[in-house]
Amino acid sequence: MLDNLDTEPLYPPLWDASRERIISEYSGSAAVWKKLGFGLELSIAKAIPPLPPIQPSEPPQILCSSPEVFLDPTEPQLPPIANPTRTQMVIMAAQDSIRLLYKCGWRSAIFGGLACFLYGNSRSPNDVDLLVLLRPGSTITAEELKRNLVVLDPYHFFTTPSKDPQAAYCILWYRLTNAPAQTAQTACKIDLLLPGTLNLPNFPPSLIHWDEGLPLVPFSLLLVQKLQAWDDHRRSRNPIKWQRQRTDMEDLDGLTCLSSFDSLKSSQPWSDTTLFSPEFQKLTKERVINYCTSFPSSAPAWTSIGFET
């Protein structure tokens, strides 16, 4: 089927890697892929020299374990998408980040806009927010985790300095290709957060909610975290962050219309210290009152899940 294929653009390592992935990950579809030529030896133009192996300047700080993928084993893993949309690319970024973190021994869960989208909101996500769950006694930092992702997969992951010259952190990005120029269609930002940041808890993996094979934070936590984002943004003096409160409000409106919200009417888990520290519980109650004062039509929804408005 590939008799007329122009073979010169096919970079040898990419061809070999693609063939290996198909054999190892999609064995059930091997016959179909062989018909497409992946079971044949392909002559590659000698004009394209192989790139030298990448020598990382700094080895990973975490000893990687087996390459087992931390995705829901009951969900079928689909082949890579040739020309993904922006939303598909963001989901691919989350998948690859979760895989590599687990390869290094760290479990993670999605929160923020991507989690809202996966739970059922209509707004397309702009980036990936991941909460990395820590083992007892761990001293790992977010910057060390970022470096590990870049070292393990420098083709897809890279970092840039923060726009704030005083910041001690870098920005982690995911890209579809390692082309010099990146656009909104080919790259997205990834935020890795550790428990304790933004009142995020270090909950047990058993509380992870699975959707489309991806791990999400519990819906109750996502809801009040989005409420916290609205409160933080409305108080911000940064014009760009201040404008984000409208997006937060739209996300909150969407979340209150989902079936997952209805389940909170009976469970009302707001006193669960596994997810909500006493300080966070207190702040959440105040934020609900402030939010319902700003948007009175939302009060019945928040009252129905156990809050005073």
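When the Cα positions of His233, Gln268, Cys292 are compared along the charge dipole of region 218-309, His233 comes out farthest toward the positive end, with charges on each C-beta of Lys, Arg, Asp and Glu. Sorting 223-235, 268-280 by average packing, meaning the other beta carbons within 10 Å per residue, from highest down gives 223-235, 268-280.
Among the listed pairs Lys103/Lys163; Lys146/Lys189; Lys163/Lys226, those with a Cα-Cα distance over 22 Å are Lys103/Lys163; Lys163/Lys226. Potential lengthening of the chain between Asp232 and Arg135 amounts to 32.0 nm, from the contour at 0.36 nm per residue minus the alpha-carbon distance. Straightening the chain between Glu308 and Ile171 buys 45.4 nm, computed as 0.36 nm per residue apart minus the Cα-Cα spacing. Assuming charge only on the beta carbon of Lys and Arg (+1) and of Asp and Glu (-1), the dipole of region 88-159 about its Cα centre is about 180 debye to the nearest 20.
Could you tell me which of rounded, prolate or oblate describes region 82-217, using a ≥ b ≥ c as the square roots of the eigenvalues of the alpha-carbon gyration tensor, with rounded for a/c under 1.5 and, failing that, prolate when a/b is larger than b/c and oblate otherwise? Oblate, since a/c reaches 1.5 and b/c is not below a/b.
Charges were assigned to the Cβ only: +1 to each Lys and Arg, -1 to each Asp and Glu. The resulting dipole of region 218-309 about its Cα centre is roughly 320 debye. Computed extension gain for Arg99 through Ser206, at 0.36 nm per residue and net of the alpha carbon distance, reaches 36.7 nm.
Read-outs: derived from the displayed coordinates by stated rules, not from any lab. Model, not experiment: these values are computed from the prediction. Positions of Cβ are backbone-derived with ideal geometry, glycine not excepted, and every protein chain shown enters the neighbour counts.
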